[in-house]
Amino acid sequence: MNIILMGPPGAGKGTQAAKLVKEFGLTQISTGDLFRKAHREQTSIGVISDYFSKFGRLVPDDFTNEMVYDYLKENMNNFGNGFILDGYPRTILQARELEYFEESLGFKIDAVINLDVDFDVLKKRLSGRRTCKNCGATFHIMYKPPKVEGVCDNCGGELYQREDETEAAVKVRLSTYEGQTRPLIDYYKMKGMLTNINGDQSMDDVYSDIKKCLEAL
Ligand code: AMP
């Protein structure tokens, strides 16, 4: 079972994907994580992508598609029960390219799940996030505050605000989503592949709706 998990930044795609990985033995493929890893390793794609990501903009399609193709090709036999694309595709061009990947690498996308979340909620969620510099754990100043302000509960590391989670960057990310990614909802609706899920509910209710959708497959 291969699925696309769609939704604006901050909709909870990563959290829901992690739950699906645990329960269904799927592999999460997060393009955001792949770019951040490339940046840490200072590969050429990491240097290029950081230039766009830190301002909340999308990495150009050519670079993104190439990275995803290489990753899929290299790992095609290691995906367990299938994979969850988290954060890809994000443009119509990427969606078309993914169809070409399906043909050339011989896999099929079974469903597209879209998490629908109110924009005001997203702004609060994203700009309140804090990440541990050391272990990567995430907290939220309102919804999941650390025991000691600025300090990670898990490892004592320093918490910081990701450059793309500042208020200015969040604004750009949301408007980028509106302009470039939202049109994918209609694209997949017209193909009869889309399930819309109310992402304003609690984390557990969102997950239960996703599960219902997958079980129906
Ligand atoms: P995310 O963690 O999914 O929010 O992604 C972080 C950043 O990585 C985004 O703001 C973009 O700059 C970049 N990125 C991730 N996925 C894509 C994609 N499919 N297309 C272009 N840029 C992407």
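The values are calculated or read from the model by the stated rules, or taken from the named source; none is laboratory data. Computed from a predicted structure; not experimentally measured. With ideal geometry, Cβ positions are generated from the backbone for all residues, glycine too; neighbour counts draw on all protein chains shown. Calculation scope for accessible area: heavy atoms of the full protein, side chains included, ligands and nucleic acids excluded. Shrake-Rupley method; radii C 1.70, N 1.55, O 1.52, S 1.80 Å.
Being more than 18 Å from A17 (Cα to Cα), within 14 Å of the ligand (Cβ to nearest atom) and either open to solvent by 20 Å² or more (accessible area, probe 1.4 Å) or touching a residue at least 40 places away in the same chain (Cβ under 8 Å) (or both): is that true of T176 here?
It is true that T176 is more than 18 Å from A17 (Cα to Cα), within 14 Å of the ligand (Cβ to nearest atom) and either open to solvent by 20 Å² or more (accessible area, probe 1.4 Å) or touching a residue at least 40 places away in the same chain (Cβ under 8 Å) (or both).
Residues of the stretch 111-136 being out of contact with any strand residue (DSSP E or B) (no Cβ under 6 Å at 6 or more places or on another chain) and open to solvent by 20 Å² or more (accessible area, probe 1.4 Å), which ones?
Of everything in the stretch 111-136, those that are out of contact with any strand residue (DSSP E or B) (no Cβ under 6 Å at 6 or more places or on another chain) and open to solvent by 20 Å² or more (accessible area, probe 1.4 Å) turn out to be D118, F119, D120, V121, K123, K124, R125, S127, N134, C135, G136.
Check whether at least one residue in the stretch 59-78 is assigned to a loop (DSSP other than H, G, I, E, B) and at positive phi, and report yes or no.
no
From the list I185, I197, I210, which residue is open to solvent by less than 50 Å² (accessible area, probe 1.4 Å), out of contact with any helix residue (DSSP H, G or I) (no Cβ under 8 Å at 6 or more places or on another chain), more than 14 Å from the ligand (Cβ to nearest atom) and among the β-branched types (V, I, T)?
Working: I197 fails: out of contact with any helix residue (DSSP H, G or I) (no Cβ under 8 Å at 6 or more places or on another chain); I210 fails: out of contact with any helix residue (DSSP H, G or I) (no Cβ under 8 Å at 6 or more places or on another chain).
Of I185, I197, I210, the one residue that is open to solvent by less than 50 Å² (accessible area, probe 1.4 Å), out of contact with any helix residue (DSSP H, G or I) (no Cβ under 8 Å at 6 or more places or on another chain), more than 14 Å from the ligand (Cβ to nearest atom) and among the β-branched types (V, I, T) is I185.
Among the residues of the stretch 187-203, is any in a helix (DSSP H, G or I) and of a type in the set (D, E)?
No, the stretch 187-203 contains no residue that is in a helix (DSSP H, G or I) and of a type in the set (D, E).
Listed here are the residues, each with its yes/no results for (1) open to solvent by 40 Å² or more (accessible area, probe 1.4 Å); (2) within 11 Å of the ligand (Cβ to nearest atom); (3) aromatic (F, W, Y).
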{"position": "G32", "(1), (2), (3)": "no, yes, no"}
{"position": "Y51", "(1), (2), (3)": "yes, yes, yes"}
{"position": "D70", "(1), (2), (3)": "yes, no, no"}
{"position": "N77", "(1), (2), (3)": "yes, no, no"}
{"position": "G87", "(1), (2), (3)": "no, yes, no"}
{"position": "E97", "(1), (2), (3)": "yes, yes, no"}
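Looking at I92, is it open to solvent by 10 Å² or more (accessible area, probe 1.4 Å), under 17 Å from the mean Cα position of the chain (by Cα) and either at pLDDT below 95 or closer than 29 Å to G192 by Cβ (or both)?
yes
In the set I3, I45, which member is over 26 Å from I185 (Cα atoms), crowded, with 18+ Cβ neighbours inside 10 Å and either within 13 Å of the ligand (Cβ to nearest atom) or modelled with pLDDT of 95 or more (or both)?
One residue alone meets the criteria, I45.
In the set K108, K123, K171, K147, which member is in a loop (DSSP other than H, G, I, E, B) and in contact with a helix residue (DSSP H, G or I) (Cβ under 9 Å, 6 or more places away or on another chain)?
K108
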